[in-house]
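Below is one structure; the comments refer to it alone.
The values are calculated or read from the model by the stated rules, or taken from the named source; none is laboratory data. Everything numeric here is computed off the predicted structure, so don't read it as measured data. For neighbour counting, all protein chains shown are included, and Cβ atoms are generated from backbone atoms with ideal geometry for every residue, glycine included.
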Amino acid sequence: MKSINLISSMVSTQWPELKDLWEAWGIQLLVTMSLACQITLAIFGSLRRYNNSIILRYVILTAYLLSSYIGTIALGKLTVIQIDHPDRPDYITELKGLLAPLLLMQLGNPDSITAYSVEDNRLSIRQILNLFLRLIFVMWILIRCWDSSSPVPFLYFPLSVAGIIRSALTVWALKSVYWERSSISIKDIFDEETVAKIFNKPERPSWTKEQMIILKAYYRFDCLKPHIVNWLYHPESLSKSQLIVDRDLAFITAEVELGFMYDVLYTKQPILYKRFGLICRFVSFSCLVSVVCRFAVIFKSAFLIDMYITYTYALLIGVTFLEGHQIVLQPFSPWAIVVMSRHRGNRPVLTRLLNFLAERYMKRRRWSNSVGQLNLLDPRLYDEWPWFIRTILKRLGKNLGKTAETCRRYRIHSSPKCPSYLKELLVENIEKFKEIRQQKPFTERGNWTLEAHKLSVDVEWTQEALKVLERNISTTFDKSIIIWHMATNICLRSESDDSPNRKGSELLSNYMMYLLALRPYTLSLTTTDITLEHAFSILKPFLRYRDSNEALGTLSSEEDVLEPSPDQMGTIITRDWHVLWDAQKLATILKGKNKKWQIISSIWVEMLCYAAYTCQVYHHAKLLRRGGELITHVWLLLMHDTDKYTHTPKTKPNKETEG
């Protein structure tokens with residue numbers, strides 16, 4: 001506080017004009033900044049569901065934090081505004097009083113971003129207390145600025161109503177995310193019969209394909225409630241309530257389901273379409289419009305004369321326009337389509353409107369639709385830093401060096417569009433694993449594929465080959481990913497067919513390496529840094545004088561590749577691990593098989609399924625606000641085929657993940 005007072009004293013001494021300007025317009029400047037943050041959140045808040053830009057992420061975070069801080073500071077300044085005549089405040093004081101309920105409204109955040117992160121939903125009780133305290137401050141400000149002889153204070157009531165509604169809706173949205181009771185009651189159980197009746201309605205034949213996808217996605221989400229870890233679910237509920245989807249629609253239905261999950265976790269959408277939510281929205285907007293109209297009547301002859309009046313009117317119009325903008329967007333949400341579908345009956349106009357809205361929604365981007373790619377044999381990963389950067393990294397320590405390597409991986413990795421053949425490959429293999437695991441937890445990462453092809457008459461296996469395959473499957477998950485990744489690269493060089501299995505294997509191999517290097521928390525591993533550092537230390541001298549093609553050619557040959565001996569480098573985790581030799585041996589076995597790409601692609605899908613299933617729900621929820629990831633879609637598809645009545649989650653949820 002002393003430093004702030006010192007800075008304020010220095011500024012007032014050096015630049016007295018700035019001090020006068022701050023005293024005259026400081027509160028208005030803070031309110032304007034708060035409104036700018038709200039507009040930023042309203043425009044960019046919904047983009048993060050399909051945009052994984054780091055810049056966008058920090059722009060939203062900055063606006064989200066500043067909106068609350070600036071609003072609180074402005075309220076604090078309003079509580080101590082100087083009033084020369086307390087019995088009869090002047091019109092400038094009355095106009096400043098109007099800013100208090102507007103600040104209360106802006107602290108409620110727009111519809112597109114109720115919470116920045118999952119953790120914010122856990123703070124709903126704190127938000128209730130904050131709302132109560134802010135309301136007390138607003139009431140105190142309005143009492144101080146009240147003049148019964150002036151018409152302006154009579155605008156305080158409708159503005160306060162709008163502000164309370166906006167903030168209360170935000171708290172309601174945060175509070176409704178998680179199910180917090182200790183046990184499930186009868187009313188919590190998914191009503192299969194009621195949902196089945198919806199899909200047996202006489203007007204069902206008139207539903208379009210897009211509308212059917214949205215409705216099934218909503219009720220599948222409502223049945224599973226994937227964001228709640230300990231919610232009981234049985235796959236038979238889908239068949240009883242007619243929510244089974246065809247294989248060709250499984251992935252796109254999962255995309256829409258995750259859209260509903262995103263809305264529940266981070267927006268107000270789920271409560272805005274309830275009856276009380278719609279009433280609150282109507283009352284709030286009506287109050288704002290009435291205030292704007294009444295203000296225009298009161299000061300109709302002073303708009304261009306008095307700057308305070310002009311500013312206040314412009315501010316009221318801005319807030320009202322922002323609220324109206326959100327109302328205009330409301331019918332284009334999938335939640336609106338679900339609500340209107342329940343009550344549409346045989347109304348042709350509503351049917352055409354629903355078809356239009358459903359078709360429009362299905363054309364929108366629902367996630368980034370990208371699959372991250374990182375190749376461990378990319379020479380750019382091993383380029384030497386310029387000498388001055390090496391000097392800085394050496395002086396500043398090892399941790400900064402790790403950060404620099406992570407930044408290098410982010411710079412090098414790519415994110416191509418996720419092709420349709422990859423989605424089909426995933427769904428096809430998940431259906432195959434569904435028959436094997438029989439609604440049990442997904443516990444294997446290659447053994448099911450190996451067992452299936454052991455019994456195949458098209459592929460002959462020797463005992464030595466089976467040992468090599470089993471060893472590289474049963475080793476730790478991070479080592480297994482690296483070895484299979486390198487072996488896949490070697491096999492890719494030896495053959496150039498254009499089959500979906502081959503192309504899918506390449507994409508999944510690079511995607512799993514991307515997860516290992518840049519999203520290690522999704523793989524539930526604790527030794528990732530050690531394993532990757534060891535692999536890099538082996539590959540760096542190997543690739544120093546070779547490009548990627550020459551390196552793969554060397555690994556494809558029969559000659560043994562030299563690498564540092566295990567006793568000269570590595571920790572207890574990596575000391576007995578021969579990276580190049582293991583990859584070369586595995587690739588040699590796979591290259592001689594007729595169905596090698598079918599085997600390799602199935603292994604990668606099984607690994608991805610295992611990673612998706614073991615990844616904590618908290619991390620899947622976090623990835624949704626970062627543009628979405630392929631692993632989260634795989635996780636949702638798996639959860640629909642998992643019996644949570646009989647098989648409880650493998651690990652006990654922590655405070656971040658428990659529902």
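In the stretch 16-39, the qualifying residues are those that are over 30 Å from the mean Cα position of the chain (by Cα), of a type in the set (A, V, I, L, M, F, W, C) and over 13 Å from Tyr311 (Cβ atoms), and the one that is surrounded by the most Cβ atoms within 10 Å (Cβ to Cβ) is Trp22.
Scanning the stretch 458-477 for residues that are among the hydrophobic types (A, V, I, L, M, F, W, C) and outside any helix (DSSP H, G or I) returns Val459, Trp461. So for the stretch 62-78 (the condition being under 30 Å from Lys363 (Cα atoms) and either at pLDDT 90 or above or not in a helix (DSSP H, G or I) (or both)), does at least one residue qualify? Checking the stretch 62-78: at least one residue is under 30 Å from Lys363 (Cα atoms) and either at pLDDT 90 or above or not in a helix (DSSP H, G or I) (or both). Put simply, of Ile305, Ile228 the only residue that is within 22 Å of the chain's Cα centre (by Cα), outside any helix (DSSP H, G or I) and at pLDDT below 95 is Ile228. Candidates Phe276, Phe285: the one that is free of Cβ contacts under 8 Å to residues at least 12 places away in the same chain, within 30 Å of Ala358 (Cβ to Cβ) and in a helix (DSSP H, G or I) is Phe276.
Scanning the stretch 534-545 for residues that are surrounded by 15 or more Cβ atoms within 10 Å (Cβ to Cβ) and either touching a residue at least 40 places away in the same chain (Cβ under 8 Å) or touching a helix residue (DSSP H, G or I) at 6+ places or on another chain (Cβ under 9 Å) (or both) yields His534, Ala535, Phe536, Ile538, Leu539, Phe542, Leu543. On the stretch given as the stretch 115-166, residues that are more than 22 Å from Gln326 (Cβ to Cβ) and of a type in the set (Lys, Arg) total 3.
Taken together, Gln568, Gln616 contain a single residue that is at pLDDT 75 or above, of a type outside the set (Gly, Ala, Ser) and surrounded by fewer than 20 Cβ atoms within 10 Å (Cβ to Cβ), which is Gln616. Applying the criterion of being buried (at least 17 other Cβ atoms within 10 Å of the Cβ) and farther than 17 Å from Gly76 by Cβ to the residues of the stretch 123-138, the residue that is nearest to the chain's Cα centre (by Cα) is Ser124. The number of residues in the stretch 417-438 being modelled with pLDDT of 90 or more, surrounded by fewer than 14 Cβ atoms within 10 Å (Cβ to Cβ) and not hydroxyl-bearing (Ser, Thr, Tyr) comes to 2.
Taking the conditions exactly as written (modelled with pLDDT of 85 or more, in contact with a Cys (Cβ under 8 Å, 6 or more places away or on another chain) and either farther than 28 Å from Phe536 by Cα or not acidic (Asp, Glu) (or both)), does Phe477 satisfy them or not? No. State whether one or more residues within the stretch 510-522 are more than 26 Å from the chain's Cα centre (by Cα), surrounded by 18 or more Cβ atoms within 10 Å (Cβ to Cβ) and in a helix (DSSP H, G or I). Checking the stretch 510-522: not a single residue is more than 26 Å from the chain's Cα centre (by Cα), surrounded by 18 or more Cβ atoms within 10 Å (Cβ to Cβ) and in a helix (DSSP H, G or I). Can you say whether Ala250 is assigned by TED's automatic domain parsing to the domain that holds Ala162 and small (Gly, Ala, Ser), as far as the supplied structure shows? Considered against the rule, which asks whether it is assigned by TED's automatic domain parsing to the domain that holds Ala162 and small (Gly, Ala, Ser), Ala250 comes out as no.
Answer yes or no: is there a residue in the stretch 387-396 that is modelled with pLDDT of 60 or more, under 30 Å from the mean Cα position of the chain (by Cα) and over 21 Å from Arg546 (Cβ atoms). Looking for residues that are modelled with pLDDT of 60 or more, under 30 Å from the mean Cα position of the chain (by Cα) and over 21 Å from Arg546 (Cβ atoms), one finds none in the stretch 387-396, hence no. Do we have Ser505 as surrounded by 14 or more Cβ atoms within 10 Å (Cβ to Cβ), outside any loop (DSSP other than H, G, I, E, B) and touching a His at 6+ places or on another chain (Cβ under 7 Å) here? Criteria not met by Ser505. So Lys440 clears everything in (1) touching a helix residue (DSSP H, G or I) at 6+ places or on another chain (Cβ under 9 Å); (2) part of a loop (DSSP other than H, G, I, E, B); (3) charged (D, E, K, R) except one condition, right? Which one? Among (1) touching a helix residue (DSSP H, G or I) at 6+ places or on another chain (Cβ under 9 Å); (2) part of a loop (DSSP other than H, G, I, E, B); (3) charged (D, E, K, R), the lone unmet condition for Lys440 is (1). Looking at Ser301, Ser341, just one residue is of a type in the set (Gly, Ala, Ser) and either buried (at least 16 other Cβ atoms within 10 Å of the Cβ) or closer than 19 Å to Pro270 by Cα (or both), and that residue is Ser341. Looking only at residues in the stretch 344-366 that are out of contact with any helix residue (DSSP H, G or I) (no Cβ under 6 Å at 6 or more places or on another chain) and within 30 Å of Tyr511 (Cβ to Cβ), the one that is surrounded by the fewest Cβ atoms within 10 Å (Cβ to Cβ) is Lys363. There is no residue in the stretch 268-288 that is modelled with pLDDT under 90, more than 14 Å from Ala217 (Cβ to Cβ) and out of contact with any Phe, Trp or Tyr (no Cβ under 8 Å at 6 or more places or on another chain).
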